[in-house]
Amino acid sequence: MYLTRKNVSRTMMMALLMMLACSMTALASEVGAEYEPPNYATFWALVPPIVAIGLALITKEVYSSLFLGILMGGLLYSGFSFEGTITHIFEDGIIGSLSDSYNVGILVFLVILGAMVCLMNKAGGSAAFGQFAASKIHSRVGAQLATILLGVLIFIDDYFNCLTVGSVMRPVTDKFQVSRAKLAYLIDATAAPVCIIAPISSWAAAVTGFVEGEDGFSIFMRAIPYNFYAILTIVMMVGMVLLKVEFGSMKLHERNAVKGDLYTTPGRPYGQAKEEQLSAKGKVMDLLIPILSLIICCVIGMLYTGGFFEGTDFVTAFSASDASLGLTYGSFFGLVITIGLYQIRRVLRFSECMACIPEGFKAMVPAIMILTFAWSLKAMTDSLGADVYVAGVVEASAKGFLMFLPAIIFLVGCFLAFATGTSWGTFGILIPIVVSVFQNSNPQLMIISISACMAGAVCGDHCSPISDTTIMASAGAQCEHVGHVTTQLPYAVTAAAVSFVTYIVAGFAQSAWISLPVGVVLMLLVLFGLKMAGNTVSGE
């Protein structure tokens, strides 16, 4: 009896161990297997951003539109399962985006920059600079050209560009009755388009990282003359200011601004701002020193993250830098220097400086909310395989229409960046495909096509209401976001149309000396045509 009981107990023990092993194997296989949504890598992957963008343009309300786009992404991912939808939206989307270290760094940078802007305003530095600039600038044309010049000079990073140019030039453009919508356009058009043709910028670093198997920095330099959208956007901006050309809904905004209404749109998130009690001791240096400190500290911060102080050369350090972390470091030390300066000069009490930090945070809340939703929407499109779908479309188009391929890639980049709101994600999808197609067959066409990737991504980013750069341009100009998008869109589409024709020329000529002058001449002809049609605004 004892042996029998012993055998039974052993048998039961073995059975339990086998069951446990089987369950562990099943659990491991379940965990290891990645879930693939029903409509993965199909056109349905682009439906959520299309819904969000369409609703934002129709309803003029961005928060609910973005959330409904996120909801659509969650439904498509889970196969319309309630639990799966909620889990994907919050765990993988919103919380996942906010737990990403790069995104958190950008949010910290925004908050600190908001605090610095509040400090400079409170100290009277912005007002003093406005008075100084007003004594040197005597017209609306001068105010706009000064804004463009400052935007071109701050080429390090588009986020930094948007908020810095906005805070510095807003008092000047207000004085000369330039609408907030036009200021937002000038800021946005000198952010990404300038960064993408600047060799020392966070954008150049991103592009060089996507060119595998090649000298990324050398290719970036050779691609600059073919980046038609960026170059033609700058030509268009300067030409419109000098010719006083305005068209589309921007013309109404500018005409109203000349009459004294800087906002035009019914929703005026900044129009009812209370007049602050500013320091009477404020001088121009109270704005210039903080801005210069911020620029220098941000450059040092980005070089630090790229290993410059560990022996890496300058160019390599910049191309390998972590823009988010570098900007966070730089903005923090810029804030410390600003507070120290105001204490030494006794412009503000320490308690007043500390009160500006939460006030700056509050000013950035709308931008932070839209950014969070935009990042979450991108997470939805990524989980639905939007990158795989677009990669397949581009590879299929590469089999024919070889000389038209740069123009086709430009359009694909425009659409993808517009739908997803990200330039860098578009680089990551398209550039490796272009390199693999042309690497061993036509190196020159590869350079032109890489430029088309970059130009299309910047164009789509420039147009998209869910782009982080577009969002921060609205914040920098203190302009209603949807108002900025709708007034900017006709300008961006015009530059895109001329760029598309120029890429067709480049595909056949394969020379920047031929295609770029053709593009510049076409752009100037368009502007002169608009001027002749009566699309002008003059407030001089």
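The values are calculated or read from the model by the stated rules, or taken from the named source; none is laboratory data. Keep in mind it's a predicted model, so treat the numbers as computed, not measured. All Cβ positions, glycine included, derive from the backbone under ideal geometry; neighbour counts span all protein chains shown. Calculation scope for accessible area: heavy atoms of the full protein, side chains included, ligands and nucleic acids excluded. Shrake-Rupley method; radii C 1.70, N 1.55, O 1.52, S 1.80 Å.
Taking the options 178, 165, name whichever one is over 21 Å from residue 464 (Cα atoms), open to solvent by less than 10 Å² (accessible area, probe 1.4 Å) and out of contact with any Phe, Trp or Tyr (no Cβ under 6 Å at 6 or more places or on another chain).
Details: 165 fails: over 21 Å from residue 464 (Cα atoms).
From the options 178, 165, the qualifying one is 178.
Among the residues here, residue 360 qualifies as closer than 30 Å to residue 67 by Cβ and among the small types (Gly, Ala, Ser). Here residue 126 passes the criteria (1) free of Cβ contacts under 8 Å to residues at least 40 places away in the same chain; (2) closer than 30 Å to residue 345 by Cα; (3) not hydrophobic (A, V, I, L, M, F, W, C) except the one numbered (1).
Within region 340-355, how many residues turn out to be aromatic (Phe, Trp, Tyr), surrounded by 15 or more Cβ atoms within 10 Å (Cβ to Cβ) and more than 34 Å from the chain's Cα centre (by Cα)? Residues meeting the conditions: 0. Here region 215-253 is the region considered, the condition is being buried (at least 19 other Cβ atoms within 10 Å of the Cβ) and of a type in the set (Ser, Thr, Tyr), and the residue that is farthest from residue 527 (Cα to Cα) is 226.
On inspection, residue 263 passes the criterion of being at pLDDT below 90, among the aromatic types (Phe, Trp, Tyr) and within 17 Å of residue 480 (Cα to Cα).
When the criteria are applied in full, residue 45 fails the requirement of being at pLDDT 80 or above and on the phi > 0 side of the Ramachandran plot.
Listed residues 149, 119; which is assigned to a helix (DSSP H, G or I) and buried (at least 19 other Cβ atoms within 10 Å of the Cβ)?
Details: 149 fails: buried (at least 19 other Cβ atoms within 10 Å of the Cβ).
One residue alone meets the criteria, 119.
Scanning region 412-459 for residues that are of a type in the set (Phe, Trp, Tyr) and either open to solvent by less than 20 Å² (accessible area, probe 1.4 Å) or modelled with pLDDT under 70 (or both) yields 427, 438. Scanning region 477-487 for residues that are out of contact with any Ser or Thr (no Cβ under 7 Å at 6 or more places or on another chain) and either without any contact (Cβ under 8 Å) to a residue 24 or more places away in the chain or not aliphatic (A, V, I, L, M) (or both) yields 478, 479.
Is it true that some residue in region 528-537 is over 12 Å from residue 232 (Cα atoms) and open to solvent by less than 30 Å² (accessible area, probe 1.4 Å)?
From region 528-537, those over 12 Å from residue 232 (Cα atoms) are 528-537; that's our starting set.
Filter once more, so that each one left must be open to solvent by less than 30 Å² (accessible area, probe 1.4 Å): 535, 537.
Yes, there is a match, as at least one residue in region 528-537 is over 12 Å from residue 232 (Cα atoms) and open to solvent by less than 30 Å² (accessible area, probe 1.4 Å).
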